[in-house]
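Right, one structure below, let's go through it.
The values are calculated or read from the model by the stated rules, or taken from the named source; none is laboratory data. Note that the structure is predicted; figures quoted are calculated from it, not measured. Heads up, the Cβs are rebuilt from the backbone with ideal geometry, glycines too, and the neighbour counts pull from every protein chain shown.
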């Protein structure tokens, strides 16, 4: 898979392609005609992060729209994980602002991010192997009835969520998570985010160490999240996965956002050039020059 045109996920029926002109907006921060908020779910304005004398991130400006998958790519040490941890509330940015649905927010920990509707699926998934699928999916959000766990309602909710995500490989929602395959564990982690009604889901290398069929299952889950209107950010070193699932690509180089735009504006070689040198003279597939992020561009096209 060599280009965004060949590998980009086609927009499903009823959803405009990532590089199509945006519809006429409603007033900023107001619901659109479908009852959803218009504009980006998340906006990063001049985000910087330093650890003592080490500058990990510099002047990151990026918009994350709802219902699209934004792939965050870069070489080791480019700042991808640092940026994700700032969005997830683990580390406060040293400079700049995080804007959520048009309002600046300050997060003092992961709970603040979760309360906003930001969920993170880490590479290690943070699942409890000794608990079953239902217990993991509702951990910290258990349903109660007369002061006791409502096991029946919890099991029904877990089954419905997995069915809505079209997860069919799980034998029983009562089997321990420690007995699941890598792809099944990812499905449980995604379903947990859905049950928490997340509006933005962050994935850190979701297909690392997975086989081919499990990778396809996880990428399908990510695509369905976006199809349901959830904003998604994916960190991945696998460019085949990136071009298969991403609507938009954002490239980090040495802590700076050097390019961002529709996936169709990139091909594999241009992304590799940007990741390794911070620049590329290549065009995508005729769709136009890759947008340099350093000229004030943000994730919002148009």
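The set of residues in region 114-141 that are at pLDDT below 90 and in a loop (DSSP other than H, G, I, E, B) comprises 122, 123, 124, 125, 126, 127, 139, 140, 141. All conditions but one from (1) crowded, with 22+ Cβ neighbours inside 10 Å; (2) part of a loop (DSSP other than H, G, I, E, B); (3) at pLDDT 95 or above apply to residue 66; the one that does not is (1).
Scan region 79-97 and tell me whether some residue there is part of a loop (DSSP other than H, G, I, E, B), touching a strand residue (DSSP E or B) at 6+ places or on another chain (Cβ under 6 Å) and over 30 Å from residue 277 (Cβ atoms).
No.
Residue 220 - would you say it is within 18 Å of residue 133 (Cβ to Cβ), part of a helix (DSSP H, G or I) and modelled with pLDDT of 90 or more? Spelling it out, it is not the case that residue 220 is within 18 Å of residue 133 (Cβ to Cβ), part of a helix (DSSP H, G or I) and modelled with pLDDT of 90 or more.
Considering 198, 189, the condition of being within 28 Å of residue 82 (Cβ to Cβ), in contact with a strand residue (DSSP E or B) (Cβ under 8 Å, 6 or more places away or on another chain), in a helix (DSSP H, G or I) and in contact (Cβ under 8 Å) with a residue 12 or more places away in the chain is satisfied by 189 alone.
Looking across 204, 241, 247, one residue alone is farther than 18 Å from residue 125 by Cβ and in contact (Cβ under 8 Å) with a residue 24 or more places away in the chain. It is 247. Scanning region 136-150 for residues that are touching a residue at least 12 places away in the same chain (Cβ under 8 Å) and either under 15 Å from residue 190 (Cβ atoms) or touching a strand residue (DSSP E or B) at 6+ places or on another chain (Cβ under 9 Å) (or both) turns up 136, 137, 138, 139, 142, 143. One residue alone among 258, 249 is buried (at least 19 other Cβ atoms within 10 Å of the Cβ), modelled with pLDDT of 90 or more and under 14 Å from the mean Cα position of the chain (by Cα), and that residue is 249.
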